[in-house]
Amino acid sequence: MIIILTPLRVSSQYNGWFVDLFVRASNFRAREMYESFGYVPFRRVLGYYSGEEDAWDYRKLLERDKDGFSCIPLEKAIEPEELEW
Amino acid sequence: MTSLQRFRLSDLLTFNSVNLDPLTETYNIGFYLEYYTRWPEYFTSTVSHDNRVQGYVMGKSEGVDNGTVQSGPNKGSSYGLWHGHVTCLTVQPMYRRLGIARQLMDSLETVSQETVSTVTVVSRSCKKSIVVINPLSIYLIAQ
């Protein structure tokens with residue numbers, strides 16, 4: 001018997017510790033929205049947008065980070081070149 | 001009715017009404033193609049009943065998975081752990097206030113914490129099945 005299988009959806013094993021995103025400091029509507037989704041402001045990145053505007057790096061823990069150590073907010077703002085990725 | 005679906009390359013030709021938003025960045029085609037080919041699960045759109053793109057989320061995974069960052073100015077920190085990253089999230093104005101952004105973010109978060117690799121397939125008998133791929137074998141878990 002021949003069975004033809006057509007892939008519909010492929011999902012890889014990412015198993016991440018958290019999700020992060022950058023948002024313009026002036027974009028209050030978006031920041032409120034992300035906060036309502038459970039994201040927390042992790043740190044400010046100075047001049048991230050073309051040197052003209054700061055970004056907020058928001059993070060949300062995933063189940064893998066049970067101790068929450070990857071999302072403890074930083075008090076000090078950082079420069080874009082200090083970003084890890 | 002709104003449906004979530006994997007972003008298709010042809011969506012690049014019809015997403016103008018989404019990207020005209022001043023806070024939505026329009027990147028060069030190669031940038032979208034890189035995400036499309038490297039992190040397809042992270043590139044999801046929602047379409048309306050008449051097949052219009054309402055919005056999309058594009059993201060990736062990055063970081064190191066061994067506890068702390070091994071080099072650079074943040075050596076020893078946990079800031080750069082393996083994680084999902086949202087590169088852009090946008091919904092066109094006429095489809096706002098419907099919870100579409102939340103659906104797109106939920107989908108990205110689900111993908112980011114997946115702990116098994118699965119392929120959902122349709123067999124000739126049109127039954128939907130889920131195949132779990134593990135390092136030693138491929139087996140069917142549901143039909």
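Data overview
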quantity: Search result, residues across the range B:82-118 that are at the interface with another protein chain (Cβ under 7 Å from one of its Cβ atoms) and within 15 Å of B:Lys60 (Cβ to Cβ); calculated: B:Trp82, B:His83, B:Gly84, B:His85, B:Val86, B:Met105, B:Leu108, B:Glu109, B:Val111, B:Ser112, B:Gln113, B:Glu114
quantity: Residue in the range B:128-135 that is β-branched (Val, Ile, Thr), modelled with pLDDT under 90 and surrounded by 17 or more Cβ atoms within 10 Å (Cβ to Cβ) present; calculated: yes
quantity: Residue among A:Arg24, A:Arg31, A:Arg43 that is at pLDDT below 95 and either of a type in the set (Lys, Arg) or in contact with a Pro (Cβ under 6 Å, 6 or more places away or on another chain) (or both); calculated: A:Arg43
quantity: Flag if B:Thr110 is modelled with pLDDT of 95 or more and either of a type outside the set (Gly, Ala, Ser) or out of contact with any helix residue (DSSP H, G or I) (no Cβ under 6 Å at 6 or more places or on another chain) (or both); calculated: no
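Residue-by-condition table, conditions (1) part of a loop (DSSP other than H, G, I, E, B); (2) buried (at least 18 other Cβ atoms within 10 Å of the Cβ); (3) touching a Cys at 6+ places or on another chain (Cβ under 7 Å):
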position: B:Asp11; (1), (2), (3): no, yes, no
position: B:Ser17; (1), (2), (3): no, no, no
position: B:Thr26; (1), (2), (3): yes, no, no
position: B:Gly30; (1), (2), (3): no, no, no
position: B:Glu34; (1), (2), (3): no, no, no
position: B:Thr37; (1), (2), (3): no, no, no
position: B:Ser45; (1), (2), (3): no, yes, no
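Residues checked against (1) within 16 Å of the chain's Cα centre (by Cα); (2) part of a loop (DSSP other than H, G, I, E, B); (3) within 12 Å of another protein chain (Cβ to nearest Cβ):
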| residue | (1), (2), (3) |
| --- | --- |
| A:Gly38 | yes, yes, yes |
| A:Arg43 | yes, no, yes |
| A:Ala55 | yes, no, no |
| A:Phe69 | yes, yes, yes |
| A:Lys76 | no, yes, no |
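The values are calculated or read from the model by the stated rules, or taken from the named source; none is laboratory data. Note that the structure is a prediction, hence the values are computed from the model and not measured. Positions of Cβ are generated from backbone atoms using ideal geometry, with glycine treated the same way; all protein chains shown enter the neighbour counts.
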